[in-house]
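Worksheet for the structure shown next.
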Amino acid sequence: MTDQFRASLQQLTDQSLRRSLFPLESATGPIVNHAGRAVILLSSNDYLGLSTHPQVIQAAIEATERYGTGAGASRLVSGTLPPHAALENALAKFKGAEASLVFGAGYLVNIGVIPNLIGRGDLIFADRLCHASLIDGCRLSQADFRVFRHGDCAHLEALLRRRASNRRTLIITEGLFSMDGDVAPLADLVELAERYDAMLYVDDAHGTGIMGATGRGTIEHFGLERRIPFHMGTLSKALGSYGAYVVGSNEFVQYLLNRARSFIFTTALPPAIAAAASAAITIIEREPDRRDRLWANRQYLFDGLKKQGFRLTPTVSPILPVLIGDAAHASAFADRLLAHGVYAPAIRPPTVPDGTSRIRFTVTAAHTTEQLDEALQAVMLAGRETALL
Ligand SMILES: *Cc1c(COP(=O)(O)O)cnc(C)c1O
């Protein structure tokens, strides 16, 4: 048994695919302490810096004092606490939907919802770059599963045309893609879904809180609120908390709370976490300047990386992936970056396709220009030392 574990780990090491944890001695934020020194963190999805916002923290403290640390059981077993109900109301309102249902994590939404949209004998078309949790949801559904080329509606349409038209079909995409930072061609996808009588499932984990004029997400960015009847997003990225949600009609939410196994058979979010997420939504609505700072920082880092000559994905967001190629090279680059005081790990297969290993920089509203200048200096040095520049 232990031989099996050791062999597997050795194989990962040999392929430069071994992962390890990065211990911090501080809160997460633009600067973190690691191994006794301060490091600029350029890999967090806490895009608006809300995980350390005083009002978010205060909401979590107050909820803990009133309701305790744990929810006790599934909400169907031990009851829905006021912070859960308040969060679902806030999310429905924020998204302009009838209702919402909060799950323990985005992973749990995707593996719980997809098998209740589609099943054995049906058909799924998913963008090639869809997140692992979406893929696992597809597998659990037992529907036939095909991928279309990333963002390629012509390819998707060719696949839709070729199917037997009576087969129930689900199209799956991310709104803002987590590892490439580009957006899905949502308007065209909606059009295809309508024309070919397919359902569309949008995972807006990364778009929520940052995309669109008021931070409501990628669907707001494209003005498609009326044409996408339900979608999911997470509370764990720009909202600085944990957990995830679906929004849609009352019936859809009632259906899921009766059917989605990853809602029914897991313990509810701790009340503090639900209260923190509600507070984050309030701040997103009340402090639009945070989003302005995020986008200004994004442009600054993007321009700096481009000027140095790095090759980036076609990103339009605060996710700024520098493409490197093979995993060993990407890991070496990440090691040199850390030596120069910047932490952004190498993203390698199976998170991204073979040959597209990268450093996925993310910038937040909380970074200062001085920190970004320092980071750019470190990136340049690391690039030269690994012969990328
Ligand atoms: C992070 C992420 C998830 C999973 O969300 P968690 O709440 O972290 O489980 C799902 N989909 C996408 C696209 C993600 O980036």
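Bear in mind that the values in this text are calculations on the coordinates, not laboratory data. Quantities reported herein were computed from a predicted structural model and do not represent experimental measurements. No Cβ is skipped: glycine too gets one built from the backbone with ideal geometry, and neighbour counts run over all protein chains shown.
Structure summary
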| read-out | value |
| --- | --- |
| Over the chain: helical MRE at 222 nm, DSSP H runs n ≥ 4 each giving -39500 (n - 2.57), nearest 500 | -13000 deg cm²/dmol |
| Antiparallel DSSP beta bridges within the range 54-286, percent to nearest 5 | 40 percent |
| Compactness of the range 54-286 - radius of gyration and Dmax, Cα, Å | 17.5, 58 |
| Sequence ranges 329-335, 307-313, ranked by mean other-Cβ count within 10 angstrom, highest first | 329-335, 307-313 |
| Set of lysines near Lys237 by C-alpha distance (under 27 Å), chain-local residues within fewer than 8 positions excluded | Lys93, Lys95, Lys306 |
| For peptides 66-79, 276-289, sequence by mean Cβ density within 10 Å, most packed first | 276-289, 66-79 |
| Alpha-carbon Rg with Dmax, taken over the chain, Å | 21.2, 62 |
| Relative contact order of the range 54-286, pairs being alpha-carbon contacts under 8 Å that are 6 or more residues apart, as % | 31 percent |
| Length gained when the stretch Arg6-Glu25 is fully extended (0.36 nm per residue, less Cα-Cα span) | 3.9 nm |
| Under Karplus coefficients 6.51, -1.76 and 1.60, residue-wise ³J(HN,Hα) of the range 383-389 in Hz, glycine/proline x | x, 5, 5, 9, 6, 8, 10 |
| Protection proxy ranking of 108-116, 165-173, 347-355 - average other beta-carbon atoms within 10 Å, highest first | 108-116, 165-173, 347-355 |
| Chymotrypsin sites (Phe, Trp or Tyr not before Pro) restricted to the range 191-282 and DSSP loop, no more than 15 other C-beta within 10 Å | Phe265 |
